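Here the structure comes first, spelled out in structure tokens, and everything after it is commentary.
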Amino acid sequence: MMLVLKGKRPCELDEDSFSSLISAFARIHLDIGTGSGRYILHHAFQNRSVFYIGLDPVAEVMAENSYKAAKRSKREDLYNTLFVIASLETFPAELIEVAHSVSVILPWGSLRDGLVRADGKILQCLRLSGGCGCSFEAILGYDNEREAGEIERRSLPLLSEDHFRQLLPEYAAQGISITQIESLNNIQLRHLASDWARKLSYGMPRNMFRLSGQFR
């Protein structure tokens, strides 16, 4: 059983019901650490042949956009979104290797830390989310100077494109092939369909990093 949001109400979804939900869609996209879920809500109504799943452990944060998705889906008879209450560390068995594409947009806490350190347990859990050939994109980072206190408290590495290149073998060892690393500025962040990205983009100048690739 998966714990999901139906509108703003948490409820359980069994494996058969989940299979029925996704059966009409050729592709499934999973957004891990989705936060408010604005990212999947935005893309779901632009790409109606794709089923979008947002995964986050905090139900209250997703509730508003889950409600909007349910209301609009009912009106337009298009049910291509699902908000799952779980973390990567408590990844639901029903979602193992289901996704054809996976995104992690501006994560924080253990998810962010695991990705910038190439933590084996986090990468193993991440690899479970999609099958072989599943595309992967992560946008993540922090400011090396302005967030020095956070970096010291959490023993985080300083970030650069070179830092992520050095992690490529560790990602590859867990079945994740990163083929592109690029930095993103505030203007590029502004164009992401993410509440947190928009908030950051109007603050101090900063670089974030995009890692793109696929699962092997």
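When a/c is below 1.5 the answer is rounded, else prolate if a/b is larger than b/c, else oblate, so apply that to the chain with a ≥ b ≥ c taken from the square roots of the Cα gyration tensor eigenvalues.
Prolate, since a/c reaches 1.5 and a/b exceeds b/c.
With the chain treated as a Gaussian network of Cα nodes joined by springs under 10 Å, which of Ile96, Ile105, Ile187 yields the largest mean-square fluctuation?
Ile187
Would you mind classifying region 1-113 by shape? Square roots of the alpha carbon gyration tensor eigenvalues, ordered a ≥ b ≥ c; an a/c under 1.5 is rounded, otherwise it is prolate if a/b is larger than b/c and oblate if not.
The shape class here is rounded.
Which Cα, out of His100, Asn186, Gly149, lies furthest along the positive dipole direction of the chain (beta carbon charges, K/R +1, D/E -1)?
The Cα lying farthest towards the positive end belongs to Asn186.
I need to check one value: relative contact order of the chain, counting alpha carbon pairs closer than 8 Å and at least 6 residues apart, in percent.
Normalised by residue count, the contact order of the chain is 19 percent.
Based on the alpha-carbon gyration tensor of region 15-72 and its eigenvalue square roots a ≥ b ≥ c, which shape applies: rounded if a/c is under 1.5, prolate if not and a/b is larger than b/c, or oblate?
Here region 15-72 falls in the prolate category.
Can you compute the helix-only [θ] at 222 nm over the chain? Use -39500 (n - 2.57) per DSSP H run of at least 4 residues, normalise by all residues, nearest 500 deg cm²/dmol.
Computed ellipticity for the chain at 222 nm equals -10500 deg cm²/dmol.
Restricting to lysines 8 or more places apart or on different chains, can you count the pairs in the chain with Cα atoms under 15 Å from each other?
So the count works out to 6.
Taking 45 Å as R0, compute the FRET efficiency from the Cβ-Cβ separation of Glu145 and Leu3 and round it to 0.05.
0.65
Could you state the accessible area per residue of the chain in Å², with a 1.4 Å probe and every protein chain left in place?
Value returned for the chain: 50 Å² of accessible area per residue.
For a protection proxy built on the mean count of beta-carbon atoms within 10 angstrom, sort 165-176, 9-20 highest first, please.
165-176, 9-20
Give me the percent of accessible area attributable to carbon and sulfur for the chain, probe 1.4 angstrom.
Here it works out to 49 percent.
The values are calculated or read from the model by the stated rules, or taken from the named source; none is laboratory data. Model, not experiment: these values are computed from the prediction. So basically every Cβ, Gly included, is an ideal-geometry build from the backbone, and we count neighbours across all protein chains shown. Each accessible area value is taken on the protein alone, full model and side chains, heavy atoms only, with ligands, DNA and RNA left out. Shrake-Rupley method; radii C 1.70, N 1.55, O 1.52, S 1.80 Å.
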